[in-house]
Structure formats: structure tokens, C-alpha cells
Amino acid sequence: THEYGNILVERRGRVGLVTLNRPEALNALDRTTLEELVAAVSAMDTDPGVGAVVITGSGKAFAAGADIKEMADKGYLEMYDADWFRGWEDLTRLRIPLIAAVSGFALGGGCELAMMCDFIIAGDNAKFGQPEINLGVVPGMGGSQRLTRAVGKAKAMDMILTGRFIDAAEAERSGLVARVVPAADTVEEALKAAEVIASKSKPAAMLAKEAVNAAFETGLAQGVLFERRLFHSLFASEDQKEGMAAFAEKRQPEFRHR
Ligand code: CO8
């Protein structure tokens with residue numbers, strides 16, 4: 001149990017909940033927030049008691065982007081030396097399933113953080129955007145790549161070139177978010193989804209995440225082969241025996257490796 005300044009960390013049974021907690025700055029993602037978030041979620045990744053993690057915001061934002069005031073005066077070499085934003089990649093290397101619960105603004109780095117999670121559950125008040133163009137820059141935490149893969153070239157170009165925000169309905173139509181729920185229920189719905197995931201065999205859930213992610217990084221034939229080998233490998237697990245026996249015996253499975 002650590003004390004953090006910019007985030008709140010809780011456990012709800014087998015689910016971890018991390019809340020960005022700088023509402024006075026619309027949860028702008030400064031360096032401290034990055035370090036704390038990566039530390040907290042990394043600890044959950046390796047905790048056998050945690051099966052899934054929900055990341056959410058507070059107040060009227062998930063996060064309104066990277067902290068503009070923190071970087072405004074920096075020069076090229078400072079950004080390059082610090083490899084500004086590289087730390088966010090650490091989040092994408094974790095194996096535990098991550099759900100973003102987005103209520104309110106998810107802009108710039110906030111939208112990019114949501115897209116680094118495995119899927120997004122959005123409140124009907126959510127607003128997504130990559131407004132960096134209005135600051136004279138471009139997305140810097142993967143937005144041009146992940147948004148384009150999520151919604152396709154037409155909408156990604158539209159959003160990144162004009163900086164316009166899309167609402168939850170448009171985000172769902174476009175494939176950016178998995179579900180839209182009433183704003184007040186956003187975190188509860190995400191926690192419920194996380195609980196469902198955490199009730200499964202954890203190795204199966206982590207391999208499922210790896211398999212879907214392979215779709216973004218390999219060709220079709222390689223991806224399908226990777227998936228099949230993962231499938232084969234799970235026949236070494238007790239949970240495969242339990243899951244299939246439970247089906248045949250018409251009962252709920254009791255997975256041991258959760
Ligand atoms: N950084 C720092 N502070 C912020 C940020 C931010 N991204 N967003 C909001 N805040 C602060 C405001 O400055 C304000 O502080 P104060 O009360 O001290 O004046 C407080 O949060 C509340 O914000 P507003 O008063 O502006 O609230 P409104 O409800 O009027 O407006 C908006 C809400 C529309 C969300 C507005 O705050 C806004 O436009 N925010 C900035 C959104 C943005 O441009 N995000 C992109 C940031 S850049 C980024 O994330 C990309 C990374 C890539 C950069 C590449 C560099 C290499």
C-alpha cells in the first residue's frame with residue numbers, strides 16, 4: 001500500500017481500481033501522474049490476487065491530455081533527452097487486462113491513455129479528441145497510430161487535423177469504445193466487466209489479450225498461427241480441464257489459476 005499524490009488506488013475483490021485524481025487540472029497527465037500510474041498498475045499486473053484493472057478519471061474529465069503547462073517551455077533537446085512520453089509505453093507492456101472507464105473529457109494524452117487500455121467503457125457524457133493541432137503540435141503518446149487502427153483513416157484524419165471532439169455515440173459507432181453506459185454508472189459498469197474478466201482463468205485472459213494484440217502487430221497468417229499455438233498451450237493448464245469438464249457436467253467452472 002503506497003501513498004500516491006495524483007492517483008487513488010483501491011481493490012474491489014479481485015479487481016484493481018486506479019482513479020486519476022487531479023480534477024482541478026482536469027487530470028492533466030504530468031510526469032508524477034505517469035510515474036504513479038505505471039507503478040500502481042505494474043504492481044497489480046504481478047499481483048496474483050488481481051485479475052483485471054479499471055483506470056478512470058474524476059470530476060468532469062477522464063484526462064484532458066498531457067500537462068500542457070509542464071511542457072510548454074521545453075526545448076527540442078530537453079524533450080528528446082527525457083524521451084518525453086516514453087514512460088507510457090510501459091503501460092502497454094503489462095499483461096493484465098486493463099479497462100478505461102471514461103466519463104467526460106478524454107483529450108490528447110487522455111484519449112491516448114484510454115486507447116492504451118484493452119477496451120473503453122464510456123459514459124454517455126464522454127468526449128474524445130486529439131486537439132494537439134490547436135497547440136501547434138501533433139499527438140505524442142500513440143494517438144496517430146492507435147486512433148487510426150481503432151477508427152480507420154477517415155475519422156482519424158478528421159479528428160487529428162481539425163481537433164474536433166466526438167461524443168460517446170460517435171465514438172461507439174466508430175469502434176473506438178466497446179460500450180456506452182449512463183454517465184453516472186461508468187465506473188460501476190467497468191468494475192462489473194472487470195469482475196467478469198477476473199473470474200476467468202488468469203492465464204487464459206492474459207493469453208487472450210496477447211492474441212488480440214497480435215492482430216495489430218503481425219500479418220494474418222502469422223497471427224492465426226500465434227493464436228493456434230496459444231490455444232494448444234492452454235491444454236497444459238488445469239483450468240482447461242476444469243472449464244471443459246464443467247461444461248460437460250452442466251455446472252459453473254471453478255478456475256484455480258485466477
Ligand atoms: N494541461 C494542463 N492543464 C490543463 C489541461 C492540460 N492538458 N487541461 C485543462 N487544464 C487545466 C486548465 O488550465 C484549468 O486550470 P486553471 O483553473 O488553473 O486555469 C483547469 O484545468 C480547468 O480547465 P478549463 O478551465 O479549461 O475547463 P473548461 O471546462 O473551460 O474546458 C477543456 C475544458 C475544453 C477540456 C479545456 O480544458 C481544454 O481544451 N484543455 C486542453 C485539452 C488539450 O489540448 N489536450 C491536449 C494536450 S496535449 C497532449 O495531450 C498531447 C500529447 C502530445 C503532445 C506532443 C508534445 C511532444
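The values are calculated or read from the model by the stated rules, or taken from the named source; none is laboratory data. The structure displayed is predicted, hence computed values, not measured ones. Reconstructed Cβ throughout: ideal geometry from the backbone, glycine too, with neighbour counts over all protein chains shown.
Before moving on, here are some points about what is shown:
- Cβ-Cβ contacts under 6 Å between residues 6 or more apart (or on different chains), taken from a first residue in region 171-189 that is within 14 Å of Ala100 (Cβ to Cβ) to a second residue that is part of a helix (DSSP H, G or I) and modelled with pLDDT of 95 or more, are listed as Leu176/Ala150; Leu176/Val151; Val177/Ala171; Val180/Ala168; Val180/Glu172; Val181/Glu189.
- Residue count for region 110-139 under the criterion of being near the ligand (Cβ under 10 Å from one of its atoms) and either touching a strand residue (DSSP E or B) at 6+ places or on another chain (Cβ under 7 Å) or aromatic (Phe, Trp, Tyr) (or both): the result is 6.
- Checking each residue in region 15-42 for being of a type in the set (A, V, I, L, M, F, W, C), within 14 Å of the ligand (Cβ to nearest atom) and either within 17 Å of the chain's Cα centre (by Cα) or not in a loop (DSSP other than H, G, I, E, B) (or both) picks out Leu20, Ala25, Ala28, Leu29, Leu34.
- Checking the stated criteria, Ile166 turns out to be buried (at least 19 other Cβ atoms within 10 Å of the Cβ), in contact with a strand residue (DSSP E or B) (Cβ under 7 Å, 6 or more places away or on another chain) and more than 23 Å from Leu91 (Cα to Cα).
- Residue check for Ala52: modelled with pLDDT of 95 or more, buried (at least 24 other Cβ atoms within 10 Å of the Cβ) and within 14 Å of the chain's Cα centre (by Cα): yes
- Selection of strands (runs of 3 or more DSSP E) fully inside region 103-163 by the criterion of at least 1 residues being under 18 Å from Val212 (Cα atoms) returns 119-123.
- Positions within region 57-74 being in a strand (DSSP E or B), crowded, with 24+ Cβ neighbours inside 10 Å and more than 9 Å from the ligand (Cβ to nearest atom), in sequence order: Phe62
- Selection within region 75-98 - surrounded by fewer than 10 Cβ atoms within 10 Å (Cβ to Cβ) and not in a helix (DSSP H, G or I): Gly75, Asp83, Arg93
- The residues of region 53-82 that are on the phi < 0 side of the Ramachandran plot and touching a Pro at 6+ places or on another chain (Cβ under 6 Å) amount to a single one, Ser58.
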